[in-house]
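This report concerns only the one structure given below.
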């Protein structure tokens, strides 16, 4: 599971923080050939009213928006107050979604925003309310090592070296 925190008020307005969140999601999904960029932008456009509200009210300070584009699962929060004035941000594209076949964005829906969030999420199939499923377990370390092993003999042959 990867995490990112966007600085909200007083560093930037709720609308500007939501724009950063949208940009992060779109840039992260862009390398995935199976995901239509225009469709993702349309989905996020349906959240344009409620997104900044969730930031301004502090909901996204305590709860995450979760982008699930397996193998990537990304939690995004928005810091407020003194926390928004300190620390570094890591904005923009988050690597890991290039092989994703599908995606979903999970939006928290606490009271008193439940009805508004549910209405906005209903506008697109990739949008969900509530908590995202747990991130899948990382691949077995031995399997990853075997799949990424370098054949030293092959490298020597490429460089003209002897076995």
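None of the figures in this text is laboratory data; all of them are computed from the coordinates on show. What you see is a predicted model; the values in this text were computed from it and never measured.
From Cα pairs below 8 angstrom and at least 6 apart in sequence, can you work out the relative contact order of the range 2-137, rounded to a whole percent? Please report the intermediate quantities before stating the final value.
Working: 239 pairs, mean separation 45.6, N = 136.
The value is 34 percent.
For the range 2-137, the C-alpha radius of gyration divided by 2.2 N^0.38 Å, with N the number of residues, is 0.97.
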